[in-house]
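To start, the structure itself, in structure tokens.
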Amino acid sequence: MAEGLMKKYYGQTTYVQSAGVKNELEIDGFSIAVCKEIDVELSRHRSRSFDEMQEWGDDLSGFDLVIALSPASQRRALDLTRYYHLQVEYWQIIDPTGLGETREAKLASYRLARDQISERLINRFGPPIEDVE
């Protein structure tokens, strides 16, 4: 969600690449649904891990900032600072996976996470840029 929101808000002004501690391959359908509500397309997005990024030739030294959305990703990002000059920020965002018994309750949890990410992005990087595409 964070990568999709960042690209929607700031377009090509910043290079954004999302990564996690492990690769889940498929993007969560609830994430896709709640992002689609605000015209953020995630259905073609593919998740990747930090290790895969390195294996695929992404130069992690080219990144200035890693924003970690989970304690595990924060630990992994901090490990990378031993080898790369990276700034790491941890944003405590609700983890919606496993929350809610009904579809609507699950969607509400994912909307909360989406909105928390959105608020943090705007607080950190400023208001969205008009006509980014």
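Some observations on this one:
- Kirkwood hydrodynamic radius over Cα pairs of the chain, then Stokes diffusion coefficient at 10 °C and 1.306 mPa s, in µm²/s: 102
- Rounded accessible area per residue of segment 48-133, 1.4 Å, Å²: 65
- Close amide H contacts of TYR84 (hydrogens built in the peptide plane, cut-off under 5 Å, sequence separation of 5 or more or a different chain): none are found.
- Length gained when the stretch THR97-SER70 is fully extended (0.36 nm per residue, less Cα-Cα span): 8.5 nm
- Helical mean residue ellipticity (222 nm; -39500 (n - 2.57) per DSSP H run of 4+; nearest 500) of the chain: -13000 deg cm²/dmol
- Under the simplified labelling scheme, the ASP79-LYS36 pair shows an inter-label distance of 3.5 nm, with each label point 7 Å from Cα along Cα→Cβ.
- Build a GNM of the chain with springs between Cα atoms under 10 Å apart, and of ALA72, ALA113, ALA33 the one that fluctuates most is ALA72.
- Using a probe radius of 1.4 angstrom, the carbon and sulfur fraction of the accessible surface of the chain is 48%.
The values are calculated or read from the model by the stated rules, or taken from the named source; none is laboratory data. Quantities reported herein were computed from a predicted structural model and do not represent experimental measurements. Neighbour counts run over all protein chains shown; Cβ positions are idealised from the backbone, glycine included. Ligands, DNA and RNA are excluded from the accessible area calculation, which covers all protein heavy atoms including side chains. Shrake-Rupley method; radii C 1.70, N 1.55, O 1.52, S 1.80 Å.
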